[in-house]
Amino acid sequence: MNGIEWHYLAFDQLSAAQLYAVLQLRSEVFVVEQTCIFQDMDGADAQAMHLLGSLQGSLVAYARCLAAGHKFAEASIGRVATRAAVRGTGAGHALMRQAIACLLQAWGAQAIRIGGQAHLEAFYRQHGFDKAGPVYLEDGIAHIEMLRSI
């Protein structure tokens, strides 16, 4: 999707307004839309790099990137979210391409592991991720670990 402006920022580089927009989008997608009560603020944000995608000044896409050793032995991408208004436009694919590129630029060529929602397995396969474990429940939602090799 064209027109999205990307920013890749460490936690302490996020402005208060950016952090609010991130938490608002994550809550909108993961708590309200998916009717899932869970602790989104899990203590990992301070160690993460945050990819924000804005369209006309509004946050429409987000992903959290963590270096190897924080969530998994490998680097990881998580909290992948797009605003409902941009779904189906290619924004999610643009977000994943950008997240992978930013992570590799920040920490070098390496494998990336995700714990994605199982119904999105085909989506993540399009970005080089392969199933790396059985389906498991996380907060009542089926997830699957996937690995993108070097």
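The table for this structure:
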quantity	calculated
Cα principal axis extents for the chain, largest first, Å	38, 36, 31
Euclidean distance of C-alpha centroids, segment 11-27 and segment 122-150, integer Å	26 Å
Point-charge dipole on Cβ atoms (K/R +1, D/E -1) for segment 104-150, about Cα centre, debye to 20	200 debye
Lys/Arg +1, Asp/Glu -1 at C-beta; the chain dipole; positive extreme among ALA73, HIS93, ALA63	HIS93
Inter-site label distance for ALA142 and CYS36 at 7 Å from Cα along Cβ, in nm	1.3 nm
Estimated distance in nm for a label pair at ALA67 and ASP12, the labels positioned 7 Å out from Cα along Cα-to-Cβ	1.3 nm
Paramagnetic reach from SER58 in segment 64-107 [backbone N under 17 Å; point 7 Å along Cα→Cβ]	81-92
Only Lys, Arg (+1) and Asp, Glu (-1) charged, at Cβ; the chain dipole about Cα centre in debye	360 debye
Difference of contour (0.36 nm per residue) and Cα-Cα distance, GLU28 to SER149	40.4 nm
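Where a number appears in this text, it was derived from the coordinates with a stated rule and is not lab data. Since this is a predicted model, take the numbers as computed values, not measurements. Note: ideal-geometry Cβ built from the backbone for every residue, glycine included; neighbour counts use all protein chains shown.
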